[in-house]
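The values are calculated or read from the model by the stated rules, or taken from the named source; none is laboratory data. What you see is a predicted model; the values in this text were computed from it and never measured. Note that each Cβ is placed from the backbone with ideal geometry, even for glycine, and that neighbours are counted across all protein chains shown.
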Amino acid sequence: MQQEQLSREQLLLEIERLRQELQDVTREKVDLEILLETTTEHSDTVECELQNKAELAVRESQKRLVQFLEAVPVGVFVVDAGGQPYYANQTAQQILGQGMNLATTDEQLPEIYQSYLAGTDQLYPSDRQPLIRALKGESATIDDQEIHQPGKIIPIEVWATPIFNERGEIVYAIAAFQDITQRKHAEAERIRFTEELEIARHTLEMRVQERTEELCHKHQQLESAHDYLKKLNTELVSQAQELQFALKSLRQTQAQLIQTEKMSSLGQMVAGVAHEINNPVNFIHGNIDHANNYIQDLLKLIQLYQQRYPNIDIEIQNLIEAIDLDFLITDLLKVFNSMKMGTDRIRQIVLSLRNFSRLDEAEMKPVDIHEGIDNTLLILNHRLKSGFDVIKKYEALPQVFCYPALLNQVFMNIITNAIDALLSA
């Protein structure tokens, strides 16, 4: 399989990043709409200004999301809760052979985009379509689907998942897919090669059998040379042991090289993911304090207005009671604190990912083992939530001279194996 074709694990990571970006945009939009609703009745000028800022923020978020979706090397197709096409990036349109058809329903997708069950002339069943399954609340992955374009057939692998709003309702379903033609060709080539190996093995067995019969025929002639052969056999055993030792060393060296290459690829991927997440998170984190200050100023304005004009209009009084202004003010501050805690948490995870990969630390160096263990536990925190209690009893240890990335991988393997053993017990 070609290196430029994404593995299933990389595809899942890309989709998780897309889903997180969509949810961040939705959350920003909802927060801005709440902010507009709380200030609507106080000043037309403030309303206009905030509305412009809100629309600008939403457009910037949508523009950033579209740029990100167009940059990913996989096809991305989004439908709304009613099954209507909502978005498709350029890669998706190239694979499907056409752009979005806004008049299409979810059940018409196989016919419109000529989606067939692999190896047949049967349209792909609607109830097995990943997007339809995602609209029902489940994540789905398939690799038995083909897109028929004029003059060619494109096998694809598809992964789909639902997108929820703040109330837990499904608002979109997103699917990512990629052309796996090279993978299918590689599988066919592997089958052909296996068949050739089987033929070669059978031929070799026949030749071995013939040779064995010749050796048995000459056995009587070699009886007189028994002592010589015994001595020769001893020498051969010694050489075999030497060769076995050399082969073992070669395999160990090969395994180390393979592990080093895997760690390098994993480190680059982790560092890339951390970098992509870090930029939008820093943008949000940096603006939370400003937004909080703006809200504080608006709340002060409201309090001053209530002090200077205690006899307010009955319609305004009714609205204040309807929206429970005192609770809204208190809860709004809690919301900003929760958002800040959330972004702090994401930044901490990103830092742990970057420390775990340690791409810039390929040489041996003194390392704090406690830091490596803490970073590994943070990365595996989602698995530790399944009823595990982690008890840390650290001793005062000196720094260890080692390869940081390899040591982190050792911690990752040990803790992962321990979790798997406890879950299967």
Step by step: first the residues of the stretch 147-173, then only those that are polar (S, T, N, Q) and in contact with a helix residue (DSSP H, G or I) (Cβ under 8 Å, 6 or more places away or on another chain), then the one that is modelled with the lowest pLDDT. Which residue is that? N165
Given the criterion of a type outside the set (A, V, I, L, M, F, W, C) and within 30 Å of Q20 (Cβ to Cβ), identify the matching residue among D331, D324. D331
Residue check: is T212 farther than 24 Å from V76 by Cβ and of a type in the set (V, I, T)? yes
For the stretch 124-143: of the residues being at pLDDT 85 or above and among the hydroxyl-bearing types (S, T, Y), which is surrounded by the most Cβ atoms within 10 Å (Cβ to Cβ)? Y124
Output for the stretch 308-336, where each listed residue is of a type outside the set (A, V, I, L, M) and more than 29 Å from H285 (Cβ to Cβ): R308, Y309, P310, N311, D313, E315, Q317, N318, E321, D324
May I ask you to list pairs of residues, at least six apart or on different chains, whose Cβ atoms are under 9 Å apart, with the first in the stretch 133-148 being closer than 11 Å to F177 by Cβ and the second being assigned to a strand (DSSP E or B) and among the hydroxyl-bearing types (S, T, Y)? Q145/S115; Q145/Y116; I147/S115; I147/Y116
Is there any pair linking a residue in the stretch 76-105 that is surrounded by 14 or more Cβ atoms within 10 Å (Cβ to Cβ) to one that is assigned to a strand (DSSP E or B) and among the acidic types (D, E), with Cβ under 7 Å and at least six apart or on different chains, and which? Y86/D80; I95/D179
Hey, does the stretch 207-218 have a residue that's modelled with pLDDT under 90, not assigned by TED's automatic domain parsing to the domain that holds L135 and not in a helix (DSSP H, G or I)? yes
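Would you call D121 in contact with a Leu (Cβ under 7 Å, 6 or more places away or on another chain) and either part of a strand (DSSP E or B) or at pLDDT 85 or above (or both)?
For D121, the condition - in contact with a Leu (Cβ under 7 Å, 6 or more places away or on another chain) and either part of a strand (DSSP E or B) or at pLDDT 85 or above (or both) - is not met.
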Name the one entry in L397, L423 that is loosely packed, with under 10 Cβ neighbours inside 10 Å and aliphatic (A, V, I, L, M). L397
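Quick one: would you say I312 is surrounded by 14 or more Cβ atoms within 10 Å (Cβ to Cβ), farther than 14 Å from I295 by Cα and modelled with pLDDT under 80? Break it down into steps so the answer makes sense when it comes.
On the way: surrounded by 14 or more Cβ atoms within 10 Å (Cβ to Cβ): no; farther than 14 Å from I295 by Cα: yes; modelled with pLDDT under 80: yes.
Considered against the rule, which asks whether it is surrounded by 14 or more Cβ atoms within 10 Å (Cβ to Cβ), farther than 14 Å from I295 by Cα and modelled with pLDDT under 80, I312 comes out as no.
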